[in-house]
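Q: Can you read through this structure? Questions will come right after.
The values are calculated or read from the model by the stated rules, or taken from the named source; none is laboratory data. No experiment lies behind these values; they were computed from the predicted model shown. FYI the Cβ positions are ideal-geometry reconstructions off the backbone, even for glycines, and counts take in every protein chain you see. Protein only, heavy atoms only, side chains kept; ligands, DNA and RNA dropped before computing areas. Shrake-Rupley method; radii C 1.70, N 1.55, O 1.52, S 1.80 Å.
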Amino acid sequence: MKTASVATRPMLGIWFGNFFEPFYSDREAVRRGIAEVADLGFTSINLDSKPWEDFFARYRGAPASQYVGMQEFMMREAATHGLDYTMLALYLCGDNLYPSIRDVPPVRGEESIRPDGTPMGTYKYWSSEAQQTMVDHVRGLLKLYGAGMHRRAGGRIVMQTMFDPIPRPSFDAEGRQKYLVWLAARYGDDIAKLNARYGLAAPSFAALTPAEYWLRPGELDWVGCAIPTADDFARRTPDFHRWIDNQTWLAGVMEEYFATMKRRWRELEPALFIEPVLHQWGYFFNPPGQPYWPTAKRALDVWRLAPHLDGVLYITAPLNAENRADAMVVSVEGSILRSANAHRPFTGGLYLGRHINGDVYRAVPPAEAMATLVAAGAQAFHVYGYSGLDDGGVMFRLDDLFKDSLRAGNRWAAEVMPLLTEPRAKEVAILFPREMSLYEPLPVDAEGRHRMDLLGWYAQFTDLGWHVDILHPDQVVAGALADYRHLVVPTNSLYDLGDNATLEAVVKQFVAAGGTLLHGPHCELARRALGIEEETVAFDCIKWREEIIPHGWSTVAFRSGTALGTYIQSGQTALAETRIGTGRALSFGFQYGHAYSRLTMPFVPPNYGKREMHPIVLLKETPVAALLGMSPLAPMPPVKGVEFARFGQHLVIINHRSSPIDIRGLAASREIALVPSAPGWLAAHAATCLEV
């Protein structure tokens, strides 16, 4: 197995902030920090170079401020260790460092305006003046510092030009007009239809006030906003409909902004590689209890933005929707990155440090998380972060065990990434719940159960050795299912909000041509596309090969298909197989993925006394294992918690378990182990790359 040369080494970048001490003014601390970054195996540092006034003064020839001067020192110091740098040039939800941390104001050009007429503290995304400040800032950075910036093969200049985008409305005259024109078009100029949904009696769209057309606009600020309650979602109240309209418009503003800026970046510098950091704290799995960061509050759909970017990038962490450390989350979000980047080489973003929601890397070693992104297909890293304090980016304060693991992860990634040049195998697709992700903030998803359903389906298939990809509905419509044998449809609580007729036709054709579709209760796609009908039934256990205690938030019985499992009391169908053409649908009357991944375990119902019955995770063989078996590409009998990723002749195996596993039965000409282990064994929470 050949070793990567310096010329082909991947970019392993780490954010290094200097707005806090000691890195704000202590040059010796900066020297030690950059030396440690190099020793840890990073090849590049990411500088926090947002558009503050002192950068613009520097472009005009003024002396460097303390902050800018230290960044220039960091660039020189990085070069002495063979490192280059990238720059975090924009923070698209305003600037949270001013005035409490940075004493220099940002340059925003034109801001969104609150209903009371005061600035919102963020950009007006569609403003040409605001956009021009962004172009001017990047132009200045390229002019002064472009020579040392990281370049991809072919000379493309990598710049994280945009970070954490959160579009906002504006309630000045121009902003109101822009939204109301869009709203009128959305309702076909039928004010009566809007009045019925919003509970109003407005005479016209032009007469609507901010409080009538926007959800509690007084709560808007540079990053925060009001959200509907769970009851609003359940009953589809006027506030629910306001929210859906608001977020739909903001998603369009987001897409329009990136499309416009791509053109402007190309005009500025054709060699610029546009790779914004789209989210800071996970994309599908946002940290629970953190009100600012849910994806659905940001109107963010990374697949929609992908055509306007050179690389889709966001930062993830091994934290699931139940607030538990879980490496499988990194695998899921790595799959989303791979999908949004259309299986091209991509940068994996990873939070490494003491997370705002707990010390997750006590349970998941850094090297395991890094290897999981490599197995997803990442060809570079963007890691957050060495310093910072405000977000927990305090890697320089973490202990030697953490750093040893991180060092091992970088060493292994640098050697393995260049070898994974063949496409990753494709076998199982999971349909991304587009509408739920866009519109349902995590606080509305009780216990994160909707998101955990997707995670559990993903884990069930990887535990059987299958390769799993997350597909966006637009990709399915474009023909992506041709590469897959099975399609899983996890919970999508808001599916009915989408225009999915074409999707349903494509899914029906996929099944009729021999594909398998798997789904749980309340699957509107299965009903519309395949005619699968259900009814809500009282909770009961299921007679199958073993007796199953279903786990979820509802149970349904199916009215058609062949019964594979029945509810014990009623005899109604709980697990059904429906043949359609040469394919089939497998229908589960409980939330299978949620049951597979849930923290809590159901008990035997009291009315069954001492009878033996179990949830699916304790069965000798799960229903999916019995019905679909292990992957034909699995190189060994699958082990729960062990993940396989095949890239042509190269096989990456990750052991997410806390015990070593026996891989002596695998024939390989070469092996690159993440950490040392006994011959023929893969250590706990570790990975290996085999040439097979």
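Q: So which strands (runs of 3 or more DSSP E) are wholly in segment 506-580 and hold at least 3 residues that are closer than 25 Å to MET452 by Cβ and in contact with a helix residue (DSSP H, G or I) (Cβ under 8 Å, 6 or more places away or on another chain)?
A: 516-519
Q: OK, next. Need a quick list: helices (runs of 4 or more DSSP H) entirely within segment 374-463 having at least 3 residues that are among the β-branched types (Val, Ile, Thr) and open to solvent by less than 20 Å² (accessible area, probe 1.4 Å).
A: So the answer is none; nothing clears 3.
Q: Another question, then. Is there a residue in segment 230-247 that is touching a residue at least 40 places away in the same chain (Cβ under 8 Å) and within 30 Å of ASP136 (Cα to Cα)?
A: yes
Q: Restricting attention to segment 242-292, and to residues there that are more than 30 Å from GLU212 (Cα to Cα) and of a type in the set (Phe, Trp, Tyr), which single residue is nearest to the chain's Cα centre (by Cα)?
A: Looking at the filtered set, the residue picked out is TYR283.
Q: Please go through segment 141-166 and give me each residue that is in a helix (DSSP H, G or I) and open to solvent by 10 Å² or more (accessible area, probe 1.4 Å), ordered by number.
A: Result: LEU142, LYS143, LEU144, TYR145, ALA147, GLY148.
Q: To continue, here is another question. Among the residues of segment 63-97, count how many are among the β-branched types (Val, Ile, Thr) and either open to solvent by 10 Å² or more (accessible area, probe 1.4 Å) or touching a strand residue (DSSP E or B) at 6+ places or on another chain (Cβ under 7 Å) (or both).
A: 2
Q: So SER677 passes all but one of these: (1) touching a His at 6+ places or on another chain (Cβ under 7 Å); (2) within 25 Å of PHE402 (Cβ to Cβ). Which condition number does it fail?
A: Failing condition for SER677: (1).
Q: Same structure, new question: Let me confirm something: among SER112, SER100, which residue is closer than 30 Å to THR295 by Cα, crowded, with 20+ Cβ neighbours inside 10 Å and not basic (Lys, Arg)?
A: SER112
Q: I'd like the full set of residues that are open to solvent by 40 Å² or more (accessible area, probe 1.4 Å) and closer than 23 Å to ALA363 by Cα, limited to segment 647-672.
A: ARG657, SER658, SER659, PRO660, ASP662
Q: Could I ask something else about it? When you go through PRO169, PRO203 one by one, which is the residue that is part of a loop (DSSP other than H, G, I, E, B), open to solvent by 50 Å² or more (accessible area, probe 1.4 Å) and out of contact with any His (no Cβ under 9 Å at 6 or more places or on another chain)?
A: PRO203
Q: Sticking with this structure for a sec: Restricting attention to segment 464-478, which residues are in a loop (DSSP other than H, G, I, E, B) and more than 19 Å from ALA375 (Cβ to Cβ)?
A: HIS472, ALA478
For (1) touching a Phe, Trp or Tyr at 6+ places or on another chain (Cβ under 8 Å); (2) assigned to a loop (DSSP other than H, G, I, E, B); (3) within 13 Å of TYR439 (Cα to Cα), each residue gets a yes or a no:
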site	(1), (2), (3)
LYS193	yes, no, no
ALA251	no, no, yes
GLU256	yes, no, no
ASN286	yes, yes, no
GLN290	yes, yes, no
LEU300	yes, yes, yes
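Q: Restricting to segment 311-337, give me the number of residues that are of a type outside the set (A, V, I, L, M) and open to solvent by less than 10 Å² (accessible area, probe 1.4 Å).
A: The total comes to 9.
Q: Moving to a separate point now. Which of the residues spanning segment 572-588 are under 14 Å from VAL488 (Cβ atoms) and either at pLDDT below 95 or open to solvent by 10 Å² or more (accessible area, probe 1.4 Å) (or both)?
A: Listed by number, the list holds a single entry, ARG584.
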